[in-house]
Amino acid sequence: MPDVTEPTSHRAPRAAKGGGGLREVARRAGVSVTTASHALNGVGRVGAETRARVLAVAAEIGYRANPNARGLRGARTGLLGLTHRTAVEGGITDIEYFVKIVNAATWTAMAHEYSLVLVPPSLDGRPFDSLPLDGTIVIDPLTDDPLLTRLSAMGVPVVTTGRDLSRKDTFPSVDNELSTCAVSAFDHLAATGARRIGLLTGSTGQSYDEDAASAYRDWCARTGRPVLMDRAEPGTDSTAAARRLLTRPDRPDALYVVMEKFGFATVAVCRELGLTVPDDVQIVVGADGEFARGARPALTALDLAPEEIGRQAAELLIDVIRHPPAPGTVPPPPPGPGETAAPGLDQAGTGTGLSRTRARPPGALSAG
């Protein structure tokens, strides 16, 4: 769940030369761009009369979609896309959390006779214009994400991992329930005797940052603890934010850090300030990975079940492709294993937490 850059302007989906584009077709037919796209591409639930009107307008103005477009393929291609809303140096394959999502989604897609295409990160979504995809998984969407808007206008089915907070009920999603996971971390630290428990999160506006921050404020209010929170600036490794927290007069004696790379920065700042882990500062990392497992002393970490997220996201997307919901609705989730479980943490520094909207509730965390 790395940092992201700010959204940039984006252009509308391309159309071949002719009398107008998709938006003009929609305007003349008196329908939304999404409905026009669905009608032209033969997807979604569009009435026969509406579809005929859209097709007639398209023929009248000479609109012709991109040759790779869904309506001109004649049939599904069996290709699913996966992209992430991040600007991570080295790319998605350098981060264990994402690698596990990709691997699980790939194997699940293959089991259903689909292939998964890893689409390079792009804030405006231009790579999708030339890819004949049946649907796309978007990892950690931005708030009011322009890519989701673009894909929706193109008529491409979308499932997200994490939520677009401005449209959290619009797109089917699979999600870590970080509010529940974070509370488990805070309770764990309190049970060890920590009195000043702080939070280091990001400022990207993505759901994982805001879920953790909201859960922390609520937990502090409920338990009567002081709020000791700082946010890393977008595109940074959180060193400055960690230093601000650890040099406060009321310095935290325990920290929950949302991202694994924030754990790197926090441990480094502790060493710089002569603070020992865990004697002076306990640290819980919000995503289990090689760093948390290999740190000495070992750090407690949450296992966010990336393999399960990848599996469920791929299954959910395939279900949406095969059974398109009515316009403006999010369909109910398909059944999944392990519908309920209680959160917790284990001694080795790992635990699990998973929830879904059209997906399953929080996964189990073993106590320790």
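Every read-out reported here was derived from the displayed coordinates using simple, explicitly stated rules and does not represent laboratory data. Note that the structure is a prediction, hence the values are computed from the model and not measured. A quick note on method: Cβ atoms are made from the backbone with ideal geometry, for glycine too, and the neighbour counts reach across all protein chains shown.
Under 5 Å between amide hydrogens, built in the peptide plane, is the criterion, and for Gly202 it picks out Ala232 among residues at least 5 positions away or on other chains.
Using only the C-alpha atoms, the convex hull of segment 97-219 corresponds to 126 Å³ per residue. Does segment 136-282 come out rounded, prolate or oblate, given a ≥ b ≥ c as the square roots of the eigenvalues of its C-alpha gyration tensor, rounded meaning a/c under 1.5 and, failing that, prolate meaning a/b above b/c? Prolate shape, in that a/c is at least 1.5 and a/b is the bigger ratio. For segment 222-322, rounded, prolate or oblate, judged on the Cα gyration tensor with a ≥ b ≥ c (square roots of eigenvalues), a/c < 1.5 rounded, else prolate if a/b > b/c? Cα axes put segment 222-322 in the prolate bin. Charging the Cβ of each Asp and Glu at -1 and of each Lys and Arg at +1, and nothing else, the dipole of segment 169-271 about its Cα centre rounds to 700 debye. For Ala305, the residues whose modelled amide H falls within less than 5 Å of its own, excluding neighbours fewer than 5 places apart on the same chain, are Gly353. Take the alpha carbon gyration tensor of segment 190-259, find the square roots of its eigenvalues, order them as a ≥ b ≥ c, and report rounded if a/c is under 1.5; if not, report prolate when a/b exceeds b/c, else oblate. It is oblate, given that a/c is not under 1.5 and a/b is not larger than b/c. For segment 257-272, the Karplus equation 6.51 cos²θ - 1.76 cosθ + 1.60, evaluated at θ = phi - 60°, returns couplings of 10, 5, 10, 4, 5, 5, x, 3, 4, 5, 4, 4, 5, 4, 4, 4 Hz by residue, with Gly and Pro reported as x.
Amide H contacts of Leu79 (H built 1.01 Å from N, in plane; Pro and chain starts excluded): Ser115, Asp134 sit under 5 Å, all sequence-distant by 5 or more or on other chains.
Order 249-261, 302-314, 183-195 from most to least packed using the mean count of other Cβ atoms within 10 Å.
Values: 249-261: 22.3, 302-314: 25.6, 183-195: 18.8.
With the highest mean Cβ count within 10 Å placed first, the list reads 302-314, 249-261, 183-195.
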